[in-house]
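Student: Structure below; questions to follow.
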Amino acid sequence: MDSKSVVELLEASSRVHFSRFYLDGLETRNSELEPPTTSATESVNKQPFVIGVAGGAASGKTTVCDMIIEKLRDQRVVLVNQDSFYHNLTEEELIQVHDYNFDHPEAFDTEQLLCSMEKLKHWQAVDIPNYDLKSYTNNGLPTRRVNPSDVIILEGILLFHDPRVRELLNMKIFVDTGLSYTGMGSIFSANSYVTLAALLSYDGQNSIHADADVRLARRIRHDTVEKGRDIRTVLDQYSKFVKPAFDDFILPTKKYADIIIPRGGDNHVAIDLIVQHIRTKLGQHDLCKIYQNLYVIQSTFQIRGMHTLIRDAITAKHDFVFYADRLIRLVVEHGLGHLPFTEKQVTTPTGSVYTGVDFCKRLCGVSVIRSGESMENALRACCKGIKIGKILIHREGDNGQQLIYENLPKDISDRHVLLLDPILGTGNSAVQAISLLIRKGVPESNIIFLNLISAPQGVHVVCKSFPRIKIVTSEIDIGLNEDFRVIPGMGEFGDRYFGTDDDDQKVVAIA
C-alpha cells in the first residue's frame, strides 16, 4: 500500500461520520452504517473476538475463513458454521425435498445458534449439531464439541439477517465474488464444461465477470462433484430458490458489513489487513485485563489507516503532521471523557428542560518537551483557554532520565492534569514526569496520561508504579528493540513532526 493511496482513502472516507473499507485495492465506499456493535462501556476485553463472515452461496466464505484461521495459527480460533443449525426436515418435507428452500431465513434454527454463541462468548463449551446435507437431518449424528477460544469465526449465508446475531459480532465481513477466471475448463470436469459454456457469459479472454455466474459455477462444481447431484436438479434449485433468496435476503444484508471483500480468498491484501486488526485487538485485550486503568480507544479501519500512514517511513512531513493531528485529537477527546462531570440542567429554546452534564473546569495540560508539544493544539481546540505546563527530561545512557526543566501552573495541585507525550516506550521519562506532578501536590488519581502508541514494557512500568493514574492510547505496539525504541513504532516522533534532523536535536526526550 503506497502513501498516496492511503491519503486518498482517508480523505474520501472522512466526509462521513461512519465509514467502512471496501477492500478491493483499498478502494473506499461510503455508506450509512450501524454504530459499532461493541459499546464503549461494554467489557468486551473479557470476551472472545467474534467475526461474522457472510455472503452468497459459493462466494468464497469458507476460503476466507480458512485463510484467517491459517494466519492466526498462534491464536486459539474456532469456526462455527450456520449450516450446522438447519432445521431437521419432517417426513413430509423429505418427500418434497427439492421444493424446500434451504436459503430462506426460516430454514435455520436461529434460536439454537444464538444459545450456542452466547455460551461461547461466556467461555462455556458447547455441542454443535452435525447436520448431514445428504439426509437433511442431524438425528443420530454425534455432535461436535467446540471449546471457547480467543477468536470465534461464525460463517453463513444469512448471518446478518437477524439483528440479534449481528449484535454478537465484533467484526462483520461480507464476501463478494467479483473475480475473473481465465481458462475455466480447468476447474470443471469435461462433462460439465460444455453445459456451463452455454450458461455463462465469456469475453474474448474467457473471463467471467458477473458475480451470480461465478457463484453458479462454483455451486455446480460443489453439488455435482462433492454431493453427486444431477446438474439439471442443481440448476433448477438455483433458479427457483438460490438466486431469489440471494436477491431478497442475503444481498440486502451487505449494508451491515464493516468490511466488504471482493474476490474472496484471492484478495490477500484484505485478509492481511483483517488479520492485523484482529492481532491488534487481541494484543490489547491482555494488557487491559491486567490493568483496569489502561484505556485503548476503539480500533477501526479508519484509525488503522491513519496509523499505517504516519508509521510509513516515506510519508511526507505534511501528511505525517495532518494525520498525526487527527489521531491526537481522538486520543485527547477520549481522555477528556475520563474527567469528572457534574449534572447540570438547562432550558432549551423550546422552553423545555434538558438534564446534562457540566465540564470539569479545573484542569490543565502538561507536555513532555519536545514531542508532547505536538499534542497541545488538539488540547487547546477541545478546551478553550486551558493552561499548559512544560517538562523537559533528558536521556542519559540506556535507561537513565534526568529532569532538566519544568514550568507548571502554580495551582496545579488543585487541577486535573492531562500529561501529553505521543510515545510511551520504556516508561522511564513518564515515571519522572508523573513523580514530579505528585511532588507538586497533584493527586495520582487526577492524572491522565495521553499518548498515541505504547510499548507493553512502558505500560507495565507506569501502571505498576502509579496504579491510580489513567493511560489513554490509540495502539499498543509489540515492544522495544535493543536500542529501547518502540517497534514497529513510528521513529523519532518529534523529528518527523517538527521536521528536524537528528543532528539538529541537542536534547532528546524519550518516553
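The values are calculated or read from the model by the stated rules, or taken from the named source; none is laboratory data. What you are looking at is a predicted structure, and each value in this text was computed from that prediction instead of being measured. For neighbour counting, all protein chains shown are included, and Cβ atoms are generated from backbone atoms with ideal geometry for every residue, glycine included.
Student: Hey, among Leu10, Leu94, Leu79, which residue is at pLDDT below 75, outside the structural domain of Ser299 (by TED's automatic domain parsing) and either part of a helix (DSSP H, G or I) or closer than 21 Å to Asp266 by Cβ (or both)?
Tutor: After ruling out the rest, the residue left standing is Leu10.
Student: Here is a further query. Among the residues of segment 395-425, how many are among the β-branched types (Val, Ile, Thr), in contact with a helix residue (DSSP H, G or I) (Cβ under 9 Å, 6 or more places away or on another chain) and modelled with pLDDT under 90?
Tutor: Start the filter on segment 395-425 by keeping residues that are among the β-branched types (Val, Ile, Thr), which leaves 404, 412, 417, 423.
Imposing the further condition that a residue be in contact with a helix residue (DSSP H, G or I) (Cβ under 9 Å, 6 or more places away or on another chain) reduces the set to 412, 417, 423.
If we keep only those that are modelled with pLDDT under 90 too, we end up with none.
Adding up the residues that qualify gives 0.
Student: If you don't mind, there's one more thing I want to ask. Is it true that Gln124 is out of contact with any Asp or Glu (no Cβ under 8 Å at 6 or more places or on another chain) and assigned by TED's automatic domain parsing to the domain that holds Gly140? If you could, list the steps in order and put the result at the bottom.
Tutor: On the way: out of contact with any Asp or Glu (no Cβ under 8 Å at 6 or more places or on another chain): yes; assigned by TED's automatic domain parsing to the domain that holds Gly140: yes.
So Gln124 passes the test.
Student: Take the residues of segment 94-120 that are polar (S, T, N, Q) and within 19 Å of Val146 (Cβ to Cβ): which is surrounded by the fewest Cβ atoms within 10 Å (Cβ to Cβ)? If you could, list the steps in order and put the result at the bottom.
Tutor: First pass over segment 94-120, keeping only residues polar (S, T, N, Q): 96, 101, 110, 112, 116.
Next cut, within 19 Å of Val146 (Cβ to Cβ) only: 110, 112, 116.
Numbers: Thr110: 18, Gln112: 15, Ser116: 21.
Top of the filtered list is Gln112.
Student: Does segment 260-270 include one or more residues that are part of a helix (DSSP H, G or I), under 17 Å from Val64 (Cβ atoms) and of a type in the set (A, V, I, L, M)? Working first, answer last.
Tutor: Taking segment 260-270 first, the residues part of a helix (DSSP H, G or I) are 264-266, 268-270.
Keeping just the survivors that are under 17 Å from Val64 (Cβ atoms) gives 264-266, 268-270.
Subset that is of a type in the set (A, V, I, L, M): 269-270.
Yes, because at least one residue in segment 260-270 is part of a helix (DSSP H, G or I), under 17 Å from Val64 (Cβ atoms) and of a type in the set (A, V, I, L, M).
Student: Same structure, new question: Would you point out the residue of segment 299-342, among those that are among the polar types (S, T, N, Q) and over 18 Å from Ile423 (Cα atoms), that is modelled with the lowest pLDDT?
Tutor: First, pick out the residues of segment 299-342 that are among the polar types (S, T, N, Q): 299-300, 302, 308, 315, 342.
If we keep only those that are over 18 Å from Ile423 (Cα atoms) too, we end up with 300, 302, 315, 342.
Working: Thr300: 77, Gln302: 85, Thr315: 93, Thr342: 82.
This residue is Thr300.
Student: Would you tally the residues in segment 463-502 being under 27 Å from the mean Cα position of the chain (by Cα), farther than 19 Å from Ile369 by Cβ and not in a loop (DSSP other than H, G, I, E, B)?
Tutor: Residues in segment 463-502 being under 27 Å from the mean Cα position of the chain (by Cα), farther than 19 Å from Ile369 by Cβ and not in a loop (DSSP other than H, G, I, E, B): 10 in total.
Student: Which condition does Lys344 not pass, out of (1) among the charged types (D, E, K, R); (2) assigned to a helix (DSSP H, G or I); (3) not assigned by TED's automatic domain parsing to the domain that holds His460, if it passes all the others?
Tutor: Of the numbered conditions (1) among the charged types (D, E, K, R); (2) assigned to a helix (DSSP H, G or I); (3) not assigned by TED's automatic domain parsing to the domain that holds His460, the odd one out for Lys344 is (2).
Student: Further, regarding this structure: Any residue in segment 478-500 that's closer than 15 Å to Leu424 by Cβ: show its pairings with residues that are in a helix (DSSP H, G or I) and polar (S, T, N, Q) at Cβ separation under 7 Å, as long as the two are six or more apart or on different chains.
Tutor: From segment 478-500, the pairs are Gly479/Gln457; Leu480/Gln457; Phe493/Ser371; Gly494/Ser371.
Student: Moving on to the next point. Look through Thr342, Thr315, Thr308, Thr280 and report the one residue that is under 30 Å from Phe359 (Cα atoms), out of contact with any Lys or Arg (no Cβ under 6 Å at 6 or more places or on another chain) and of a type in the set (Ser, Thr, Tyr). Give the steps one after another, and end with the answer.
Tutor: Working: Thr315 fails: under 30 Å from Phe359 (Cα atoms); Thr308 fails: under 30 Å from Phe359 (Cα atoms); Thr280 fails: under 30 Å from Phe359 (Cα atoms).
Answer to the check: Thr342.
Student: Right, another one. Could you say whether any residue in segment 248-258 is within 23 Å of Thr63 (Cα to Cα), acidic (Asp, Glu), surrounded by fewer than 21 Cβ atoms within 10 Å (Cβ to Cβ) and at pLDDT 70 or above?
Tutor: Looking only at segment 248-258, we keep the residues that are within 23 Å of Thr63 (Cα to Cα), and these are 249-258.
Going one step further and asking which of them are acidic (Asp, Glu), we end up with 258.
After this cut, where a residue has to be surrounded by fewer than 21 Cβ atoms within 10 Å (Cβ to Cβ) as well, the list is none.
Within segment 248-258 (the criterion being within 23 Å of Thr63 (Cα to Cα), acidic (Asp, Glu), surrounded by fewer than 21 Cβ atoms within 10 Å (Cβ to Cβ) and at pLDDT 70 or above), the answer is no, since none of the residues qualifies.
Student: Taking Ser367 as the residue in question, decide whether it is in contact with a Gly (Cβ under 6 Å, 6 or more places away or on another chain) and under 27 Å from Glu406 (Cα atoms).
Tutor: Working: in contact with a Gly (Cβ under 6 Å, 6 or more places away or on another chain): no; under 27 Å from Glu406 (Cα atoms): yes.
No; evaluated as a whole, the condition is false for this residue.
Every residue, every condition in (1) within 29 Å of the chain's Cα centre (by Cα); (2) without any contact (Cβ under 8 Å) to a residue 12 or more places away in the chain; (3) surrounded by 14 or more Cβ atoms within 10 Å (Cβ to Cβ); (4) at positive phi, yes or no:
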{"position": "His122", "(1), (2), (3), (4)": "yes, no, no, no"}
{"position": "Val126", "(1), (2), (3), (4)": "yes, no, yes, no"}
{"position": "Asn139", "(1), (2), (3), (4)": "no, no, no, no"}
{"position": "Leu154", "(1), (2), (3), (4)": "yes, no, yes, no"}
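Student: Filter segment 57-79 down to the residues that are surrounded by 14 or more Cβ atoms within 10 Å (Cβ to Cβ) and in contact with a Ser or Thr (Cβ under 7 Å, 6 or more places away or on another chain), then identify the one that is nearest to Phe241 (Cα to Cα).
Tutor: Here the residue is Ser59.
Student: Right, next: Please tell me if Asn293 is among the polar types (S, T, N, Q) and touching a strand residue (DSSP E or B) at 6+ places or on another chain (Cβ under 6 Å). Before you say what the answer is, go through the steps one by one.
Tutor: Values: among the polar types (S, T, N, Q): yes; touching a strand residue (DSSP E or B) at 6+ places or on another chain (Cβ under 6 Å): yes.
For Asn293, the condition - among the polar types (S, T, N, Q) and touching a strand residue (DSSP E or B) at 6+ places or on another chain (Cβ under 6 Å) - is met.
Student: Answer yes if at least one residue in segment 311-318 is loosely packed, with under 15 Cβ neighbours inside 10 Å, in a loop (DSSP other than H, G, I, E, B), at positive phi and not polar (S, T, N, Q), and no otherwise. It would help to see each step written out before you state the result.
Tutor: Step one: list which residues in segment 311-318 are loosely packed, with under 15 Cβ neighbours inside 10 Å, which gives 313-314, 316-318.
From the residues that got through so far, the ones that are in a loop (DSSP other than H, G, I, E, B) too are 313-314, 316.
Those left that are additionally at positive phi: none.
No, because not a single residue in segment 311-318 is loosely packed, with under 15 Cβ neighbours inside 10 Å, in a loop (DSSP other than H, G, I, E, B), at positive phi and not polar (S, T, N, Q).
Student: While we're on this one: Output the residue which, of all residues in segment 295-310 that are out of contact with any Leu (no Cβ under 7 Å at 6 or more places or on another chain) and in a loop (DSSP other than H, G, I, E, B), is farthest from Ile453 (Cα to Cα).
Tutor: So, considering only residues that are out of contact with any Leu (no Cβ under 7 Å at 6 or more places or on another chain) and in a loop (DSSP other than H, G, I, E, B), the one farthest from Ile453 (Cα to Cα) is Thr300.
Student: Just to be sure before I move on: is Leu120 aliphatic (A, V, I, L, M) and farther than 24 Å from Asp247 by Cα in the structure I sent?
Tutor: Spelling it out, Leu120 is indeed aliphatic (A, V, I, L, M) and farther than 24 Å from Asp247 by Cα.
Student: Being out of contact with any strand residue (DSSP E or B) (no Cβ under 8 Å at 6 or more places or on another chain), of a type in the set (Gly, Ala, Ser) and either in the same structural domain as Glu376 (by TED's automatic domain parsing) or farther than 26 Å from His307 by Cα (or both) is true for just one of Gly479, Gly491. Which residue is that? Break it down into steps so the answer makes sense when it comes.
Tutor: On the way: Gly479 fails: out of contact with any strand residue (DSSP E or B) (no Cβ under 8 Å at 6 or more places or on another chain).
When all the criteria are applied, what remains is Gly491.
Student: Follow-up. Somewhere in segment 434-441, is a residue closer than 28 Å to Cys383 by Cα, surrounded by fewer than 20 Cβ atoms within 10 Å (Cβ to Cβ) and of a type in the set (A, V, I, L, M, F, W, C)?
Tutor: The first filter runs over segment 434-441 and keeps only residues closer than 28 Å to Cys383 by Cα, leaving 434-441.
Cutting the leftovers down to surrounded by fewer than 20 Cβ atoms within 10 Å (Cβ to Cβ) gives us 435-436, 438-441.
Now narrow it down to the ones that are of a type in the set (A, V, I, L, M, F, W, C): 436, 438.
Yes, there is a match, as at least one residue in segment 434-441 is closer than 28 Å to Cys383 by Cα, surrounded by fewer than 20 Cβ atoms within 10 Å (Cβ to Cβ) and of a type in the set (A, V, I, L, M, F, W, C).
Student: Sticking with this one: Quickly run through segment 357-378 and pick out the residues that are in a strand (DSSP E or B), of a type outside the set (Gly, Ala, Ser) and within 15 Å of Ile447 (Cα to Cα).
Tutor: Leu363, Cys364, Val366, Val368
Student: Moving on to the next point. With the structure loaded, tell me whether Asp103 is among the charged types (D, E, K, R), part of a loop (DSSP other than H, G, I, E, B) and touching a residue at least 40 places away in the same chain (Cβ under 8 Å) or whether it fails that test. Step through it out loud before you land on a result.
Tutor: Numbers: among the charged types (D, E, K, R): yes; part of a loop (DSSP other than H, G, I, E, B): yes; touching a residue at least 40 places away in the same chain (Cβ under 8 Å): yes.
Criteria met by Asp103.
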